[in-house]
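Since the structure comes first, as structure tokens, the remarks are kept for the end.
The values are calculated or read from the model by the stated rules, or taken from the named source; none is laboratory data. Please read all numbers here as calculations on a predicted model, not as lab measurements. A quick note on method: Cβ atoms are made from the backbone with ideal geometry, for glycine too, and the neighbour counts reach across all protein chains shown. What goes into the accessible areas is simple: the full protein's heavy atoms, side chains included, and nothing from ligands, DNA or RNA. Shrake-Rupley method; radii C 1.70, N 1.55, O 1.52, S 1.80 Å.
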Amino acid sequence: MSAPAAPALAAVQRLRGPNNEGVLALILIGLVVVMSIASPAFFTLSTMFAIVRSSIVPLIFALGVLIVIISGGIDVSFAAIAIFAAYTTVRIAGAGLDLGLAGVFVVALALGAVLGLVNGAVIARFRLPTLIVTLGTQGIFKGALLTYVGSRYIADLPASMASVSTTNVVEISSGGRGAYLHVMAVPAILLCFAVAWMLRRTMFGRGIYAIGGDAEAARRAGFRVVRTQRWIYVLVGMMAAVGGMIYMIMGRSANPQDLVGGEMDIIAAVVLGGASIFGGRGSVLGTALGVLLVQVINNSLILAGVPSAWQRTAVGLLLIIGVGVQAVSAKRSVRRVRANDEEGVAA
């Protein structure tokens with residue numbers, strides 16, 4: 001390689017990012033430009049705020065899924081945990097035990113932690129496949145909710161939750177149209193910073209990457225694999241509970257039939273964001289971009305009048321493309337390492 005080409009290549013690699021965040025950002029910008037040309041109503045502040053609003057709950061779920069995928073696992077029970085924790089909290093608060101906004105979130109977090117611990121204990125203790133375990137607990141949590149907690153649609157939330165249901169952090173009126181950014185965007189953004197800090201700056205975060213790269217190597221390096229795995233699923237359970245509570249607050253109702261069934265959108269967004277389905281790699285920035293991309297695609301299809309069934313098809317196609325790109329990239333890396341080894345032996 002010539003010397004002048006080296007700085008250009010380094011600049012391209014920096015723009016691309018360690019997990020292809022730059023490529024994803026360019027795709028997102030390109031999609032917004034195309035949709036704005038096709039439909040001038042798309043590129044408005046109200047539409048942008050609507051996309052951000054629709055991204056809040058998926059982003060919180062995606063952060064939890066990101067942690068699990070980096071650790072080399074997969075979790076499909078987070079939606080069941082979210083609806084179990086949030087709906088149960090609404091029932092408790094509605095029965096005269098409303099502890100205020102902070103109090104109901106604490107109750108939901110405790111429930112999410114317990115349910116997450118069930119996942120973590122089974123997976124870490126018996127070393128069972130994470131997909132099978134979380135598929136099983138998904139059915140258990142949903143069945144227990146409908147059997148023992150309730151299956152009734154609740155139209156009136158407790159006062160503590162209803163008080164913030166219509167609160168916006170930004171309100172802009174222009175040309176007879178209003179643009180509103182819901183206040184629940186704030187905790188979602190703070191959670192992004194917290195998870196990014198945990199993954200980058202703490203030993204627990206480094207342990208998650210190490211376990212995802214090679215669990216046995218992580219154990220030999222001194223990481224306590226079983227304990228870390230338990231805490232991963234407790235953390236994911238608590239984040240799912242927060243997502244469930246925010247979903248009910250923004251929807252101003254509680255329905256035990258909601259959320260479960262949309263797991264593929266979340267997993268697709270995390271994989272598109274550069275998280276390796278094989279573990280050991282992923283970032284919060286890439287995940288946030290992946291969530292935004294899926295939401296923009298869904299909104300674009302709605303504006304184009306595409307039936308909802310085709311929206312599911314589009315998300316499924318994105319998931320296959322994301323996994324396929326990762327598989328091809330992994331094969332190329334293996335070939336590159338083998339070629340370097342052969343060159344070293346020949347030298």
| note | The condition from (1) at pLDDT 90 or above; (2) part of a loop (DSSP other than H, G, I, E, B); (3) open to solvent by less than 90 Å² (accessible area, probe 1.4 Å) that ARG152 misses is numbered (3)
| said: Pairs please, first residue from the stretch 26-40 and over 23 Å from LEU272 (Cα atoms), second anywhere and in a helix (DSSP H, G or I), Cβ atoms under 9 Å, 6+ apart in sequence or on different chains. | reply: ALA38/SER300; ALA38/LEU303; SER39/SER300; SER39/LEU303
| query | Restricting the search to the stretch 240-251, which residues are under 14 Å from TYR87 (Cβ atoms) and surrounded by fewer than 21 Cβ atoms within 10 Å (Cβ to Cβ)? | reply | GLY251
| request: Only residues in the stretch 93-109 that are over 17 Å from TYR247 (Cβ atoms) count as the first member; pair them with residues that are open to solvent by 70 Å² or more (accessible area, probe 1.4 Å) and part of a helix (DSSP H, G or I), Cβ under 8 angstrom, at least 6 apart or cross-chain, and list the lot. | output: ASP98/ALA159; LEU99/VAL106
| field | Filtered residues of the stretch 64-88 (kept if within 24 Å of THR167 (Cα to Cα) and either aliphatic (A, V, I, L, M) or not in a helix (DSSP H, G or I) (or both)) | value | ALA82, ILE83, ALA85, ALA86
| Given the stretch 155-257, what helices (runs of 4 or more DSSP H) lie entirely inside it while holding 3 or more residues that are without any contact (Cβ under 8 Å) to a residue 24 or more places away in the chain? | 185-201, 203-213, 215-220
| task | May I ask you to say which residue of ILE123, ILE67, ILE74 is farther than 14 Å from ALA241 by Cα and at pLDDT 95 or above? | result | ILE67
| task | Tell me which residues, restricted to the stretch 33-56, are open to solvent by 30 Å² or more (accessible area, probe 1.4 Å) and within 24 Å of the chain's Cα centre (by Cα). | result | MET48, PHE49, ALA50, VAL52, ARG53, SER54
| query | When you scan the stretch 295-320, how many residues do you find that are more than 21 Å from VAL34 (Cα to Cα) and hydrophobic (A, V, I, L, M, F, W, C)? | reply | 3
